[in-house]
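What follows is a short report on a single structure.
The values are calculated or read from the model by the stated rules, or taken from the named source; none is laboratory data. Keep in mind it's a predicted model, so treat the numbers as computed, not measured. Note that each Cβ is placed from the backbone with ideal geometry, even for glycine, and that neighbours are counted across all protein chains shown. The protein model used for the area step is the full one, side chains on, heavy atoms only, and it has no ligands, DNA or RNA in it. Shrake-Rupley method; radii C 1.70, N 1.55, O 1.52, S 1.80 Å.
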Amino acid sequence: MATLVPVGIIFTIILMISPAYTLNCTTQKFSSNRVFQNCSDLPVLSSILHWTYNSSNSTLSVALTAPPAAADGWVAWAINPNGAYMAGAQSLIAFRQGGSLVVKPFVLNNYSSIVQTNLSYPVSGTSAEVVDGKMTLFAIFQLPEKMIKFYHIWQVGAAVASGVPRRHEFEPANLNAKGTFDLIAGLGGSGGAPGNAPSGSPRSPPSGTPGSPSPSIAPGGSHSGDSGIRKSNMSFYLFLLLGSFIVLCF
């Protein structure tokens, strides 16, 4: 009977901890009770993107969730009609300033110059929240009427100085945080194969820009990043099962 107590504790821990390990775009809830039509577990930087596209007024509502690279760091989501790189990207960056969370627009002219300025696309409804160490950026973009495909970039950084985000790391995960975004496929349509460039001919990346376009985010509601989460869950549960067996043996 004495062995039942540790086993019971272990399974209680499983029930308490497992939701955190199964967090993905379909299980994530926002404190503001916002709901989006589509979501995707992005392939790098432990990021999740939710979005709703309203074709009647060409507005794109987005919520990007990612853990900043440090407690005082930042998260960003950007649109670039010209290519899958940060230079020239129309960026929204969320970070802490004066004890509050803010979301500000920045345009990255090159990899050594970032400017806070209005974006090419009108933006409204910006806000941010932090839950369990993950920061979520909310925004509504007013897109051109015929803009169906574009490149998007998500990113995280470790520091902000004088209201300006500092440069992010150039690790593989950071360099691969990009892709094409197809609003039609994202709503469950058949158009826009993954990896296709946005409408029109994108310009070549500026000199010194790393990387090339990566595959698009998965069409409406599919979960391209779930396999990695499931593998982590399986390892976690096997570890706890082994612990239970050892407790029973001794």
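Rounded to 0.05, the FRET efficiency of the THR27 and ALA71 pair, given R0 = 30 Å and the Cβ-Cβ distance, is 0.80. Across the stretch 111-185, Cα pairs under 8 Å and at least six residues apart give a relative contact order of 24 percent. Per atom type, the stretch 82-130 shows carbon and sulfur on 45% of its accessible surface, probed at 1.4 Å. Other residues lying with their Cβ under 15 Å from the Cβ of ALA161 contribute a combined charge of +3, Lys and Arg counting +1, Asp and Glu -1. For the stretch 32-46, backbone phi angles converted through the Karplus equation (6.51, -1.76, 1.60; θ = phi - 60°) give residue-by-residue couplings of 8, 6, 6, 10, 10, 6, 9, 7, 8, 7, 5, x, 9, 6, 6 Hz, Gly and Pro being listed as x. Just the number please: accessible area per residue for the stretch 79-137, 1.4 Å probe, all protein chains included, in Å². Accessible area per residue, the stretch 79-137: 43 Å².
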